[in-house]
Amino acid sequence: MKKSFLTALVLMIGELAQAEPLVIGYERFHSETPSTVGGAILFSELGCANCHGGSKVVIPRSGPSLEDLSSRMNHEWVVKFLQNPEAGRKGSTMPHMTHSLTVMEIDDVVSYLSSLGKGLKFKKARHANAERGSALYHEKGCVACHAPTEDFQGPQGKGFNLKSALAIPLPDLKKKTTLTALEHFLSDPSKYRPDGRMPHIALEKQEVIDLSAHLLDYQSSDPRESRDLILWPKVDRDQVARGKSLVVRMNCTSCHNLPGIEATKLLPIKPASSLKTKSCLSTDPVKGLPHYKLSDKQRASLTLYLKGDQSTTPDHDKGHLTFAAMNCYACHSRDGRGGPSITTDSFFIGDENLGDSGRVPPPLTGIGHKLQHDWLVDVLEGRKDRRVRPYLKTQMPAYPAQAEVLAKWLAKLDAAPGAKPIVLQPNDLEAGRKLLGSEGGVNCITCHNWGEQQSLGIPALDISSLDQRLKPGWFRSYLLDPPAYRPGTLMPSLWPNGHSSLPDVLDGDTERQIAAIWVFIQQGESLPTGFPDNRSGRFELTPKDRPIIQRTFFETTGTKAILVGFPGDIHLAYDGQKSQPSLVWRGRFFDAYGTWFSRFSPFGKPLSDIVYPVDHAGLKAARFRGYQIGPRGNPTFLSQPGDQLIEDSYRVEGGQLIRTVKWNQGSPPATAHPAGLNVETAIGNRSKKYIYSWK
């Protein structure tokens, strides 16, 4: 009688505490209105497909490994989790499996679980630093999925101000595990979470220890003082046998890989069964079936999915379902969907001089068409030498068990049979060297590293091995229109509307020029032209036949300055942060020594005292959208205040600086001018021309 009452009490308390399961891909994109797509995500991520088949997610959801639980988790925590998964971790997707079991039967199940594995022995580390672990947790990308810790003083204040409905709650780790056991798990999460929902972030051994100390709030510097796991109760064979029988009866092997137990055959669902009262979707537990405390919208979404036609799903939809299920959207965008949320965006940090490209992981739009198969596999497996963006603090996690499958699937998903190929002409190799360089080329080396040779300006990723990484068809389409792939990129449109800005190289043939660059990347043996002779001691840039464009740190302009030196001793500094010109000067242009050779990035200044500052205080802020270079090398800066698109072009003619501002809609944008210059204005159709001359 006592046992029956206790069992009822435990179950009643569990039901009162339980809330709906948290599936991030559903919550972020499909929780507002019940939908078939939302139901498809839930069907996969709640494990429904493991019993019934029919998942539309490419990487199936599975339960964690249950081996060596007695070496990794506290006995009491495991018991309470089985009694009520929600009590173990808020929003758990584990269904309530033991709602019909007695306390003694649950104890038998735990006894069986304690028999799995050979047991683990941990060697405690000698040093831990929880503060350093906090920095790792908030910088490496953990907060893309999990909430920042409450006492963290980050870019937006304390962590508890940043909690989001999309953050996956952590269990009470102090009650669940120990410092050494958590360190063991974080060293290789894929060993225990093979489905990749908990990815593997490659960390050094000391980093793993420090991260574990942070998560457990272990403030001592000596892990040898940390508590050990309380020994699990001894069990006998009969208990283990009874527990195993219960595990078989509950069909736990549909989600978990259990040695010696075969999973039962899949049980296809008829659409009408989703509406029955006695099913997995029932609001009340049904004996012998898993029970989910679903919200009304979750239940409605699953019902819509089960009632619909599940036989065919377009690859595009499978793509979204898989990216949403694996929460790739937490860091990456794809086709304009996803990317860091409002609450996590500020935790993505890196080199701000490169704009969002320097701190936010790249889009996954067309990734299967973009990357070579072997390279993509290596990236997904977590090879360190495949990290091409060392300036990003957020680290790409590894999915070693899924790498090959994902790479093949992405190639199929993003196949672009209509993409125009690059037609290689080996005789154009030297033209490629020139085009990559800064002497009559398109100035790639101004921003990009070339192997061991650092760029002339802000160090963007290395382009010397692009042929190993990128598919040539994608490379061609990207060069023709960089903003189409990543809006707001600092990468300029060097062939705007498909037209070359260098008519003297390969007769201005855009296709040959792009192919020549690819040929040199693939076959060139030395450096592109324009890297300075470090022995000469003179690094002054002097525009002669064409304008020179140089990114740098610049006084009065800031860390996102774009300098334009025009032939004729008239020059401009443009502020990429505020999307406005900052300074005009006459005379000598710029000494690039500090930009090219000092990695401390000192602020430069004009090589002249004849300067004319632009006061753009009070002007409406605009988003910088990059710049284009015209046929004669003149720049057009692109910006977007709200829905309005603005083109701001500059050239020098007859000793005058000529500026043309165009906009696509609305009223003329407010414009600031260099102080002390004469300004003549000519008004056109959604355009204004300003002619600056000297008094």
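Shape call for region 426-523 from the C-alpha gyration tensor, a ≥ b ≥ c root eigenvalues: rounded (a/c under 1.5), prolate (a/b greater than b/c) or oblate?
Taking the square roots of the gyration eigenvalues as a ≥ b ≥ c, region 426-523 is rounded.
What Kirkwood hydrodynamic radius, in Å, does region 547-693 give when the mean of 1/r is taken over all pairs of distinct Cα atoms and then inverted?
15.6 Å
Taking Cα centroids, how far is region 411-432 from region 302-367 in Å?
27 Å
Using a cut-off of 10 Å between beta-carbons, work out the net charge of the residues near residue 59 (Lys and Arg +1, Asp and Glu -1, residue 59 not included).
It works out to a net charge of +1.
Relative to the longest principal axis of the C-alpha atoms of the chain, give the angle of the C-alpha long axis of helix 2-17, reported between 0 and 90° and rounded to the nearest 10°.
Once rounded, one gets 20 degrees.
Hey, quick one: spin label on residue 188, modelled 7 Å out along Cα-Cβ, who in region 380-424 has an amide N within reach, i.e. under 13 Å?
Answer for region 380-424: 400-401.
Using the Cα gyration tensor of region 453-504, with a ≥ b ≥ c the square roots of its eigenvalues, what is the shape: rounded (a/c below 1.5), prolate (a/b larger than b/c) or oblate (neither)?
In terms of gyration-tensor shape, rounded.
Going Cα to Cα from residue 140, which lysines come in below 20 Å? Please leave out same-chain ones fewer than 8 positions away.
Partners within reach: 158, 163, 205, 384, 393.
Note the count of lysine pairs whose C-alpha atoms are less than 14 angstrom apart in region 547-693, limited to pairs 8 or more residues apart or on different chains.
Lysine pairs, 8 or more places apart or on different chains, close enough: 5.
Under the Karplus relation 6.51 cos²θ - 1.76 cosθ + 1.60, θ = phi - 60°, what is the ordered set of whole-Hz ³J(HN,Hα) values for region 221-226, x standing for Gly and Pro?
Rounded to whole hertz, the list is 8, 10, x, 5, 8, 6.
Helix 103-114 against the longest principal axis of the chain: what's the angle in degrees, Cα atoms only, rounded to the nearest 10?
60 degrees
Starting from the Kirkwood Rh over alpha-carbon pairs, what translational D in µm² s⁻¹ does region 317-413 have by Stokes-Einstein at 20 °C and 1.002 mPa s?
Using the Kirkwood radius from Cα pairs, D works out to 153 µm²/s.
Mind giving me the FRET efficiency for residue 307 and residue 265? R0 is 22 Å, r the Cβ-Cβ distance, nearest 0.05 is fine.
So the FRET efficiency works out to roughly 0.40.
For region 539-584 and region 641-673, write down the distance between their C-alpha centroids in whole Å.
17 Å
Please report, to one decimal in angstroms, the Kirkwood hydrodynamic radius of region 288-349 built from all distinct Cα-Cα pairs.
14.4 Å
Quick one: which residues, 5 or more positions from residue 657 or on another chain, have an amide H under 5 Å from its amide H? H modelled 1.01 Å from N in the peptide plane, none for Pro or chain starts.
Residues meeting the amide H criterion: 692.
Between residue 420 and residue 525, what is the label-to-label distance in nm when each label sits 7 Å out along the Cα-to-Cβ direction?
3.3 nm
Can you list the aspartates and glutamates whose alpha carbon is less than 18 Å from that of residue 471, not counting same-chain residues fewer than 8 positions off?
Result set, ordered by chain and number: 374, 378, 404, 414, 462, 481, 511.
Can you list the aspartates and glutamates whose alpha carbon is less than 14 Å from that of residue 297, not counting same-chain residues fewer than 8 positions off?
20, 27, 32
In whole angstrom, note down how far apart the Cα centers of region 248-265 and region 80-130 are.
So the two Cα centres are separated by 17 Å.
Taking 2.2 N^0.38 Å as the expected size of a compact globular protein, what ratio does the Cα radius of gyration of the chain give against it, to two decimals?
Against the empirical 2.2 N^0.38 Å value, I get 1.15 for the chain.
For a protection proxy built on the mean count of beta-carbon atoms within 10 angstrom, sort 610-623, 319-332, 583-596 highest first, please.
Result, highest mean first: 319-332, 583-596, 610-623.
I'd like to compare 460-470, 379-389: which one has the highest average count of other Cβ atoms within 10 Å, and what's the full order after that?
460-470, 379-389
Along the Cα-to-Cβ line of residue 345, 7 Å from the Cα, sits a label point; which residues in region 636-658 have backbone N less than 14 Å from it?
642
If you line up the long axis of helix 36-45 against the longest principal axis of the chain, both from Cα atoms, how many degrees apart are they, to the nearest 10?
Relative to the chain, helix 36-45 is tipped by roughly 60 degrees.
Every number in this text was worked out from the coordinates using simple rules, so none of it is lab data. Predicted, not measured: the structure shown is a model, and the values here were computed from it. Note: ideal-geometry Cβ built from the backbone for every residue, glycine included; neighbour counts use all protein chains shown.
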